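First up is the structure itself, then whatever we jot down about it.
What follows draws every value from the coordinates through simple rules; no lab data is involved. Since this is a predicted model, take the numbers as computed values, not measurements. Cβ sites come from the backbone with ideal geometry, for glycine too, and all protein chains shown count toward neighbours.
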Amino acid sequence: MNKILICSAVAAALSANAQAEKHNKDNEKWVAGFVEYYSTDKAETGLPNFLDNGYGAGAEYGFKFTPGWAIRLEISKLDIDASPSDESGSRFGVDALYFMPNDLFYTFGGLKFTEINETDLMANIGLGKHWDLGNSLKIITEVAAYQTLDSGDSNTHFGYKLGLAYAFGGSTVQAIHRDGDNDGVMDEQDKCLFTPAGIKVDVSGCELPQVTVKVKDQDQDQDNVLDEQDKCSDTPILDKVDADGCSLFTQEQYSTNLKVLFANNSSTIRNPDSSQFQEFSDFMSRFPSTDAVVEGHSSAIGEYAYNMWLSQARADAVRTLLINEYGISEVRLTAKGLGESQLLDNSNTAAANMVNRRTVVTVKATTREKVAR
């Protein structure tokens, strides 16, 4: 049983200059000459001859009896590389061709008698395109696969054709306008041919972007600021808000002591995943009109200048962590190293040193209003 042919080809790139009207030729005829590269795929390996790849030249006559269907006769001479000597052969036969709308490309299939070492009846399929040069001249490009039909020998050959055709006769008929995806844009102008049903499209047949439209005079978070002016659309219902709909911060200053663990004499943070950082980030998001100062403090152990440098490095490390990992805007955070200048416990004990080594974040508000509405 003969094996099934599978032939793939590269689709041709199309011009973007669409015309308002497209035309096909009915009863058009053409004659063409061509050259081709013929590949036996080294399928015939029987001694004494070994067939390799080669070249050919030939001619064809075609007749388009409808805008889509045509038939052609083809004859060619083949010069095949072989061992121990080159082989000359011939091929002739007939094909049926189907032209896609607007001459996008055509498919074809047929039967050919091919004679190299012996005469073989072959079935062939392929893809091609007629490239219009004007003045009735066309360039032909094709790729085809040939399959022998003899029960005792099953080989697959391939042909790649380049030709020049002259078209004549025929009457011009207007092409049928089609809208394959039913989006209201004809296929010849449709740049998105497979738009799903029910989707709104633009004049090119492509899906329109989805636009979220806020309902006028709507106040979803019930803060008395309409959604179209609300820059903080999910403020808690009990928070008093400013003109932009954002919660007002009632305290002049808010500070929190972040328990940041550092390696000894290092600014590397050992607990970057601590929940206290996310809680502080949530606080800053809730009150967008605030900024903060990250203060680094040290104990009194060691040189004053070194303690000042180390506290600055640790404050910088916390600021960088809050920006890069917790999404706080860099313009809202300032890092300041204070060294041992603000000790909480002046006693020279281990407990005092632990208390004095701290990172404090002080938040400054730009407004003073009560929380409750």
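Please arrange Asp187, Asp79 by counting, for each residue, the other beta carbons lying within 10 Å of its beta carbon, fewest first.
Taking fewest neighbouring Cβ atoms as first place, the list is Asp79, Asp187.
Fewest Cβ neighbours within 10 Å first, please rank Asp244, Asp52 accordingly.
Ranked by crowding around the Cβ, least crowded first: Asp244, Asp52.
Here the extension length gained between Glu303 and Val35 equals 87.5 nm, from 0.36 nm per residue of separation less the Cα-Cα distance.
Across the stretch 93-108, the residues whose backbone nitrogen lies under 11 Å from the label position 7 Å along the beta-carbon direction of Ile125 are 108.
Given Cβ point charges of +1 (Lys, Arg) and -1 (Asp, Glu) and nothing else, what value in debye, to the nearest 20, does the dipole of the stretch 253-364 about its Cα centre take? If you can, show how the numbers build up before the last one.
Values: 10 positive and 11 negative charges, 15 e Å.
Dipole of the stretch 253-364, to the nearest 20 debye: 80 debye.
State, to one decimal in nm², a quarter of the convex hull surface area for the C-alpha atoms of the stretch 281-371, i.e. the direction-averaged projected area.
Details: hull surface 28.1 nm².
Reported value for the Cα convex hull: 7.0 nm².
Given Lys64/Lys191; Lys161/Lys200; Lys29/Lys200; Lys29/Lys161; Lys191/Lys231; Lys77/Lys191, which pairs have Cα atoms separated by over 31 Å? Long pairs (Cα-Cα over 31 Å): Lys161/Lys200; Lys29/Lys200; Lys191/Lys231; Lys77/Lys191.
What GluC sites (Glu not before Pro) does the stretch 87-127 have in DSSP loop regions with at most 16 other beta carbons within 10 Å?
Numbers: sites: Glu87, Glu115, Glu118; in loops: Glu118.
Sparse-neighbourhood loop GluC sites (Glu not before Pro): Glu118.
Label-point separation (nm) for Asn27 and Thr320, each offset 7 Å from Cα along Cα-to-Cβ? That separation, rounded to one decimal, is 8.4 nm.
One chain, two ends: Asp79 and Glu279. Fully extended at 0.36 nm per residue, the span grows by 63.9 nm beyond their Cα-Cα distance.
Here each label is just a point 7 Å from Cα along the line to Cβ, and for Thr107 and Asn353 those points are 8.4 nm apart. Looking at the stretch 290-347, none of the chymotrypsin sites (Phe, Trp or Tyr not before Pro) sits in a DSSP loop with at most 11 other Cβ atoms within 10 Å of its own Cβ.
Using R0 = 41 Å, the C-beta based FRET efficiency linking Tyr166 and Leu208 works out to 0.35.
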